[in-house]
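> Have a look at the structure that comes next, please.
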Amino acid sequence: MPVGVPGLRGSRDDASVGLRVVLALLVLGALAGLVWVWLAPRVDFRVTSTDGGVEVVGGGLVSPELFMSDDGVYVLVLAALGLLAGLVGWFVLRARRGVVLLSCLAGGMLLASLAAWQVGALLGRGPTADQLATVGTVVTTAVDLNALAALAVGPFTAVVVYLVATVLTSRDDLGRADPADPAAPSYPGAASSSGGHVTGDQPWTGGPPTAPGPITPPGTTQPR
């Protein structure tokens, strides 16, 4: 077994698990887009003229903060998903801790952010030109992302959570092995450090011990 911190170079199993993490995050990102549309505040307008004139249904004025609230809701939803991804990646996928899983978390959260944006923009699209030209039609404001920098919130949160957990661990192998398992090595390469020899914790598997023979002084021969 090569000495080193497991997970730094990765393995085929690490890559396989990481790919499944990316796909799972992509699906969760699409679901996050549904949550974004559901939580984002929207206002209904009634078309009052053919040139696009509108008024708020029920009267009143529209707060300027409404047009920035979409970004705020998006940031909160994706930050929560990034936090969940980082915690699951560290605690649930313990046996795959390392650089490979960290990279897959970052890439998966980026795809999740893009998926949430596109799903939200598709389901929360604004009125068409024909609707705005029809007097009396009630239209609803669109859900859209104005600050594209918000796409980095999810990946940033997941990576920060994972790195903080890495710094707080005291084990050289990042705790990939279960410390309660008596067969788990306590340090990298411990499983091969004995070189195949019997240690004090292993039972003797050889034959019964034999008594030493008589000691013959130098220059003499043993009697036949």
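The values are calculated or read from the model by the stated rules, or taken from the named source; none is laboratory data. Computed from a predicted structure; not experimentally measured. Cβ atoms come from the backbone with ideal geometry, glycine included; neighbour counts cover every protein chain shown.
> I'm trying to understand the selection: among the residues of the range 105-125, which are over 15 Å from Ala152 (Cα atoms), surrounded by 16 or more Cβ atoms within 10 Å (Cβ to Cβ) and not aliphatic (A, V, I, L, M)?
Across the range 105-125, the qualifying residues are Gly120, Gly124.
> Still on this model: In the range 46-89, what count of residues is obtained for those that are touching a Leu at 6+ places or on another chain (Cβ under 9 Å) and of a type in the set (Phe, Trp, Tyr)?
1
> Run down Asp71, Asp130, Asp51 and say which single residue is of a type in the set (D, E, K, R) and under 19 Å from Thr157 (Cβ atoms).
Values: Asp130 fails: under 19 Å from Thr157 (Cβ atoms); Asp51 fails: under 19 Å from Thr157 (Cβ atoms).
That would be Asp71, the only listed residue that is of a type in the set (D, E, K, R) and under 19 Å from Thr157 (Cβ atoms).
> Does any residue of the range 40-49 turn out to be within 28 Å of Gly175 (Cα to Cα), modelled with pLDDT of 90 or more and either touching a Cys at 6+ places or on another chain (Cβ under 8 Å) or crowded, with 18+ Cβ neighbours inside 10 Å (or both)? Give the steps one after another, and end with the answer.
Of all residues in the range 40-49, those within 28 Å of Gly175 (Cα to Cα) come to none.
Within the range 40-49 (the criterion being within 28 Å of Gly175 (Cα to Cα), modelled with pLDDT of 90 or more and either touching a Cys at 6+ places or on another chain (Cβ under 8 Å) or crowded, with 18+ Cβ neighbours inside 10 Å (or both)), the answer is no, since none of the residues qualifies.
> Okay, moving on. Of the residues that make up the range 142-154, is at least one buried (at least 19 other Cβ atoms within 10 Å of the Cβ), part of a loop (DSSP other than H, G, I, E, B) and either in contact with a Gly (Cβ under 7 Å, 6 or more places away or on another chain) or at pLDDT below 85 (or both)?
So far as the range 142-154 goes, yes, one or more of its residues are buried (at least 19 other Cβ atoms within 10 Å of the Cβ), part of a loop (DSSP other than H, G, I, E, B) and either in contact with a Gly (Cβ under 7 Å, 6 or more places away or on another chain) or at pLDDT below 85 (or both).
> What number of residues within the range 102-139 are among the β-branched types (Val, Ile, Thr), in contact with a strand residue (DSSP E or B) (Cβ under 8 Å, 6 or more places away or on another chain) and in a loop (DSSP other than H, G, I, E, B)? Steps first, please.
Here is the first cut: in the range 102-139, the residues among the β-branched types (Val, Ile, Thr) are 119, 128, 134-135, 137-139.
Then drop every residue that is not in contact with a strand residue (DSSP E or B) (Cβ under 8 Å, 6 or more places away or on another chain), which leaves 134-135, 137-139.
Remaining after also requiring in a loop (DSSP other than H, G, I, E, B): 134-135, 137.
Of the residues in that region, 3 qualify.
> Quick check on my filter: what residues within the range 22-68 are among the hydroxyl-bearing types (Ser, Thr, Tyr) and closer than 30 Å to Gly89 by Cβ? Reasoning before the result, please.
Here is the first cut: in the range 22-68, the ones among the hydroxyl-bearing types (Ser, Thr, Tyr) are 48-50, 63.
Hits for the range 22-68: nothing passes.
> Also: Kindly list, by first and then second residue, each pair from a residue in the range 18-43 that is within 21 Å of Leu87 (Cβ to Cβ) to a residue that is in a helix (DSSP H, G or I) and polar (S, T, N, Q), limited to pairs with Cβ atoms under 8 Å and residues at least 6 apart or on different chains.
As it stands, the answer is Gly18/Ser103; Gly29/Ser113, since those pairs meet every condition given.
> Check whether at least one residue in the range 126-138 is surrounded by 19 or more Cβ atoms within 10 Å (Cβ to Cβ) and touching a helix residue (DSSP H, G or I) at 6+ places or on another chain (Cβ under 8 Å), and report yes or no.
Looking through the range 126-138, none of the residues is surrounded by 19 or more Cβ atoms within 10 Å (Cβ to Cβ) and touching a helix residue (DSSP H, G or I) at 6+ places or on another chain (Cβ under 8 Å).
> Just for the range 1-17: of the residues that are surrounded by 15 or more Cβ atoms within 10 Å (Cβ to Cβ) and either modelled with pLDDT of 95 or more or of a type in the set (Val, Ile, Thr) (or both), which one is nearest to Ala115 (Cα to Cα)?
Per the stated criteria, the residue is Val17.
> Residue check: is Val62 in contact (Cβ under 8 Å) with a residue 40 or more places away in the chain and more than 15 Å from Asp144 (Cα to Cα)? Give the derivation first.
Details: in contact (Cβ under 8 Å) with a residue 40 or more places away in the chain: no; more than 15 Å from Asp144 (Cα to Cα): yes.
No.
> For the range 52-68, how many residues are β-branched (Val, Ile, Thr) and assigned to a loop (DSSP other than H, G, I, E, B)? Before the answer, list the steps.
Keep residues of the range 52-68 that are β-branched (Val, Ile, Thr), which gives 54, 56-57, 62.
Imposing the further condition that a residue be assigned to a loop (DSSP other than H, G, I, E, B) reduces the set to 57, 62.
Final tally of qualifying residues: 2.
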